[in-house]
Amino acid sequence: EPSLHETDFLCASGRKMNSFINACALLPFLSNVAFGLSSNAAFGFSDRFKAVCPADSSTIAQFSPSLLINGGTGDDEKSTWVAVFRSSNNLPSVIVKDSFMNAMRIATEVQTDGASQSTAIDNSSLKGQIQTSAGITKDKTIGSEDTTGINANIPVALARLSPSLHFDGQWLIESMRCSLKKEDTNEDCDGNSEHAEAISVCIDELILHHLREGRDFDGGIRTKATLVSSKLLDERGFAEVTHLCSDMATHTSNLDSSMIKYAERVVATVSKGPGARDRALQILNYLGKQETNTDKDIDKQDESSADGDNDDIDPWATIKQFI
């Protein structure tokens, strides 16, 4: 048995260890108070969403098969989809809520195949969309189960970049969809709501893909914006069109203003999440290598004037004066 002195030493050591553990637990809260952040702002140091760009057709079908059936305005082979998913940093209650909302969406949007719209259901439209908690996808068509053990997440937001059918060399951001509610606001999110943050990830990923392909940015991207996405595009330097065209686009990309806006976002998104800041830095890096349409026109004029000056020069002028 330990002596009285050893017992006192063990008790004192235990109290010191408990004090150290409690102090470590308070560190996140104290750091938030010191920097003037809310208690929920600690979540900003991890990303709520993750993006896949380009996304394959099976991922798009999980969100809405009608997007692949109806198609878009551009060439399917040249089009690029981006899909945004919930990351593993979210609370379990958030994942459960999204699963419930996805089940409600399937129940209300599933296609019917019979005369009675209320009873007959097209089971093929359910294939690959209903999943159990164990990651088992039930195929209602053949009555079997795919026991792969892979729990494929359902995307919460989608967007598409397609070549414009009305303007050569220009691209169109379209089909921006999000299953999250616009009304659920959150000051810790980029855009003050999860809906706006998911759409923001889609826009940034498509812009980054566009720049990685070496395409022109100044006036090279057009998009049809809604009330929510219009604000997000303004925050990224997109300019409103002066007159409507056949593609009904509302905004077009502008190099100068986008460089200013993304430089501001590098600082503004520090507390929103590392992913948003990293995308802003990458986009800003690519934008710095681009030229505006005005600079290109000036270069072309200089080249043409230089060629014209060379045509006026007579190489025999010095010899002709002696003849």
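At-a-glance table
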read-out: Answer from D314, D299 - the residue that is part of a loop (DSSP other than H, G, I, E, B) and at pLDDT below 70; value: D314
read-out: Output for the stretch 248-283, where each listed residue is of a type in the set (A, V, I, L, M), closer than 25 Å to E187 by Cβ and touching a residue at least 12 places away in the same chain (Cβ under 8 Å); value: I260, A263, V266, A276, A280, L281, I283
read-out: Of the criteria (1) within 18 Å of the chain's Cα centre (by Cα); (2) loosely packed, with under 14 Cβ neighbours inside 10 Å, which one T223 fails; value: (2)
read-out: Test: residue in the stretch 208-215 that is in contact with a helix residue (DSSP H, G or I) (Cβ under 9 Å, 6 or more places away or on another chain), within 28 Å of S87 (Cβ to Cβ) and surrounded by 22 or more Cβ atoms within 10 Å (Cβ to Cβ); value: no
read-out: Extreme residue, least open to solvent (accessible area, probe 1.4 Å), among residues of the stretch 226-239 that are part of a loop (DSSP other than H, G, I, E, B) and more than 13 Å from S253 (Cβ to Cβ); value: E235
read-out: Some residue of the stretch 192-206 being in a strand (DSSP E or B) and either surrounded by 20 or more Cβ atoms within 10 Å (Cβ to Cβ) or not hydrophobic (A, V, I, L, M, F, W, C) (or both); value: yes
read-out: All positions within the stretch 240-262 that are crowded, with 16+ Cβ neighbours inside 10 Å, modelled with pLDDT of 90 or more and more than 15 Å from I207 (Cα to Cα); value: A249, T250
read-out: Residue within the stretch 226-244 that is touching a residue at least 60 places away in the same chain (Cβ under 8 Å) and either under 23 Å from R177 (Cβ atoms) or among the small types (G, A, S) (or both) present; value: no
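The values are calculated or read from the model by the stated rules, or taken from the named source; none is laboratory data. On a predicted model such as this, the values are computed, not experimentally measured, just so you know. Cβ sites come from the backbone with ideal geometry, for glycine too, and all protein chains shown count toward neighbours. We work out accessible area using only protein heavy atoms, side chains counted, and drop any ligands, DNA or RNA first. Shrake-Rupley method; radii C 1.70, N 1.55, O 1.52, S 1.80 Å.
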